[in-house]
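Each remark here refers to the structure printed beneath this line.
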Amino acid sequence: MRVRRIVAGLVACAALILAPAAAFATDPVTLGQDYVLDDAGALTASQHDDAEQAAQKFADDTDMNLWVVYVDEFTSPSDAEGWANQTASQNGLGPNQYLLAVAVTSRQFYLSGDSSGPVSTEALGTIEQQRIQPALASEDWAGAVTAATAGLADAASGGSGAADGSSGSGGGVLTVILIIVVVVVAIVLVIVLVRSRRRKAAAGTSGPALRAARSEGAGASRRIGTGADRRRPAHE
């Protein structure tokens, strides 16, 4: 019996050691003096320093601020938008202050900003999809901070916030439309060219046949009923 208890104890200890770390759901947090809060342990010490420096430089170069929070999961509320907006509200963030909330385990994020601020709601969405999301998808957690600050700075200075200076979703739609127009025009030109060649070919084939019929005079009319094989090339 004693041996069984010892074995059971060892198995329990091994299970605790080998079990994956539990994910912790986090309520909206209180922001501190630092711009980067990593409650999920997503960043190394050097990555945390790089992210903090990027956020600080953004604050120094513009009249805006960006806080970034990493947690395992969102709770109370559990949706990214509600969690980020509630955190921003309870910390008293103003129109020029933004919050990027990232749930590392549940793979959610949201860039919260006041609609009356220098960056429009549409631009915030563009920054999320074209700048922040690619960095987070590759688990470049610190890179998401640099991506967010670059997008916010671009949008505040009159750009769309899109990556590589593109014009965002509107520019993408315009490009697609232009491509469709070019393809349609090319198809029409090909059809016109093919029809033109067929007409020329048909004219070249029927011309001599008609002239031969005229040269035969009255005798040609007698072959109408029995001359089907001769007319076929002219129709083809």
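Rule-based calculations on the coordinates, nothing more; no lab input. Keep in mind that this is a model prediction, so the values were computed, not measured. Cβ sites come from the backbone with ideal geometry, for glycine too, and all protein chains shown count toward neighbours.
I'm trying to understand the selection: among the residues of segment 53-76, which are among the charged types (D, E, K, R) and surrounded by fewer than 18 Cβ atoms within 10 Å (Cβ to Cβ)? Walk me through how you get there before you give the answer.
If we filter segment 53-76 for residues that are among the charged types (D, E, K, R), which is where we start, we get 57, 60-61, 63, 72-73.
Residues satisfying the conditions are LYS57, ASP60, ASP61, ASP63, GLU73.
Which count do you get for residues in segment 69-113 that are part of a strand (DSSP E or B) and either free of Cβ contacts under 8 Å to residues at least 60 places away in the same chain or under 22 Å from the mean Cα position of the chain (by Cα) (or both)?
16
Search segment 41-68 for residues being in a strand (DSSP E or B) and either among the polar types (S, T, N, Q) or free of Cβ contacts under 8 Å to residues at least 40 places away in the same chain (or both), and hand back the single one that is farthest from THR30 (Cα to Cα).
Restricting to residues being in a strand (DSSP E or B) and either among the polar types (S, T, N, Q) or free of Cβ contacts under 8 Å to residues at least 40 places away in the same chain (or both), the top hit is ASN65.
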